[in-house]
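The values are calculated or read from the model by the stated rules, or taken from the named source; none is laboratory data. Note that this is a predicted model, so its numbers are computed, not measured. FYI the Cβ positions are ideal-geometry reconstructions off the backbone, even for glycines, and counts take in every protein chain you see. We work out accessible area using only protein heavy atoms, side chains counted, and drop any ligands, DNA or RNA first. Shrake-Rupley method; radii C 1.70, N 1.55, O 1.52, S 1.80 Å.
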Amino acid sequence: MTNYITDEIQNNAINALGRMIAQPSYNTDAAPNAPFGTGIRLALDEILKIAKELGYQTYVDPEGYYGYAEIGSGDEIFGLVCHVDVVPAGDLAAWNTNPFELVQKDGALFGRGTQDDKGPTIATMFTLKALLDQGMTFNKKVRFIFGTDEEILWRGMAKYNEKEAGIDMGIAPDAEFPLVYAEKGLQQSYLVGPGSSEIELDLVNAFNAVPGSATYNGSKQDQVETALQVHNFKYQKSADGLIVQGNSVHAMNAPEGTNALLRLGIALADVFPGVAALEFIKSFGEDATGANLMGVIKDDASGQLTFNISSLQINAQESRMQIDMRIPVTVEHDALIQLVEEKVTPFNFKYENFDYLEPLYVPKDGTLVQTLMKAYIKVTGDTAAEPGISGGATFARTMKNSVAFGAMLTTTPDFMHQANEHWPVKDMRMAMEIYAEAFKALLVD
Ligand SMILES: [Zn+2]
């Protein structure tokens with residue numbers, strides 16, 4: 001392992017991280033020049049203050065959508081795309097520490113944002129500065145871009161791209177090592193079709209999760225129970241009705257889960273024949289790759305399409321389903337949407353867009369990926385490491401020629417978005433050494 005990072009550098013970084021964790025920067029109501037709430041705005045101001053103290057030039061969008069800090073000169077810009085917002089603490093009783101106070105215990109740094117993404121943001125900023133202090137000169141300008149709405153709708157980065165210059169290459173330190181060079185396109189949409197007076201359902205879950213349970217509390221519970229038995233679907237009887245059981249996973253891994261909502265829909269289709277939404281679900285089946293609907297859609301670079309149906313609402317006026325598709329990187333988006341529209345038309349359904357994120361794809365034999373992989377392997381000794389693909393989404397896809405690189409090691413326990421989020425101190429140190437090696441390789445002649 002190389003040794004660019006001293007205890008002093010790491011301790012300074014940890015102190016700065018404490019200042020960031022102390023800002024409860026989750027999304028709240030908009031305030032003047034704080035479109036995502038004052039907590040996020042204060043975190044944005046704090047990271048810029050820290051950057052300034054380190055010697056970076058800083059800029060803040062007057063409306064509070066984003067900020068950046070840069071250092072060095074050159075025609076090209078190397079970008080680090082980070083975010084200062086966090087998800088809320090969730091159930092406080094599940095935490096052993098105050099989520100908005102950095103607590104160092106058991107060899108780890110505890111607090112909301114230590115892994116996602118305040119820890120990695122601070123780690124990369126302090127690493128880069130350490131290299132300059134050690135006398136290196138960079139051949140590119142380096143810009144840290146601080147987004148503010150990563151956990152919701154990415155409106156901060158949309159503003160950045162509207163108003164500011166792009167970068168020439170970059171990383172998002174907001175995932176896992178070694179690196180992600182392909183992130184599937186992400187399409188969330190609604191299918192809207194005819195209502196029914198025979199059955200009423202109001203089952204709504206998050207777009208990005210495979211429903212782990214689905215409850216039927218209508219009047220035909222006996223018949224529905226028989227249908228569930230015929231299909232061999234697991235369920236429980238309770239005072240609330242029949243609860244169909246599945247296995248919830250993230251929508252990007254939908255084929256690995258069991259969608260309870262689809263199982264209920266398939267059983268209901270036997271009991272309520274001719275209801276458009278149920279006929280659709282019956283024909284869609286349990287295949288979360290959408291293959292029954294559209295045939296197999298996949299590519300070599302990023303694998304198969306995933307297609308998650310996470311809500312089912314039926315009333316007398318209309319029926320409505322939420323879908324989340326993770327689209328292979330080389331599949332043409334417009335053509336795919338056309339195909340979906342064509343395939344739902346026979347069921348009298350219409351397609352409605354909700355949100356689309358373009359894919360990320362940086363060829364893995366190119367300089368950026370090769371250089372970053374070499375740095376990772378040099379520090380960790382993990383010679384078998386391969387760059388990966390993901391159905392998840394990082395800010396890397398908002399910038400050209402950018403990949404997700406760290407900061408979690410493959411052995412770091414994943415506590416992102418969970419209670420007791422923490423980052424082991426030694427993992428942080430190794431991540432900083434990997435970044436140091438990578439920055440040196442990318443930025444020094
Ligand atoms: Zn993040």
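Structure notes:
- Computed from backbone phi, the HN-Hα couplings of segment 93-102 come to 5, 7, 8, 8, 9, 6, x, 10, 9, 6 Hz, rounded to whole numbers (Karplus: 6.51 cos²θ - 1.76 cosθ + 1.60, θ = phi - 60°; Gly and Pro given as x).
- Neighbourhood charge, 11 Å Cβ-Cβ cut-off, centred on S196 and excluding it, Lys, Arg +1 and Asp, Glu -1: -4
- Rg/Rg_globular for segment 34-171, with Rg_globular taken as 2.2 N^0.38 Å and Rg from C-alpha atoms: 1.10
- Cα-based radius of gyration for the chain, normalised by 2.2 N^0.38 Å, reads 1.07.
- Around W95: net Lys/Arg minus Asp/Glu count, Cβ-Cβ under 10 Å: -1
- Under 17 Å from the Cα of K52 - lysines, other chains or at least 8 residues apart: K118, K129, K141
- In units of the rule-of-thumb radius 2.2 N^0.38 Å, segment 185-357 shows an alpha carbon radius of gyration of 1.00.
- At 1.567 mPa s and 4 °C, Stokes diffusion of segment 133-246 via Kirkwood alpha-carbon radius, µm² per second: 64
- The mean sequence separation of alpha-carbon pairs under 8 Å and at least six residues apart, normalised by the residue count of segment 6-106, gives a relative contact order of 28 percent.
- For segment 185-357, with all protein chains in place and a probe radius of 1.4 Å, 43% of the accessible heavy-atom surface sits on carbon or sulfur.
- Neighbourhood charge, 9 Å Cβ-Cβ cut-off, centred on Q115 and excluding it, Lys, Arg +1 and Asp, Glu -1: -3
- Shown are T58, T394, whose ranking by accessible area with a 1.4 Å probe and every protein chain present, most to least, is T58, T394.
- Straight Cα distances below 14 angstrom link K220 to the aspartates and glutamates E198, E200, D240, D270, with same-chain residues fewer than 8 positions distant left out.
- In the chain, helical runs assigned H by DSSP with n ≥ 4 each contribute -39500 (n - 2.57); averaged across all residues and rounded to the nearest 500, the mean residue ellipticity at 222 nm is -9500 deg cm²/dmol.
- Segment 161-203-segment 358-430 distance, computed between alpha-carbon centres (Å): 19
- For segment 38-118: span of alpha carbons on each principal axis (Å, largest first): 50, 31, 20
- Cα long-axis angle, helix 367-380 against the chain (0 to 90 degrees, to the nearest 10): 80
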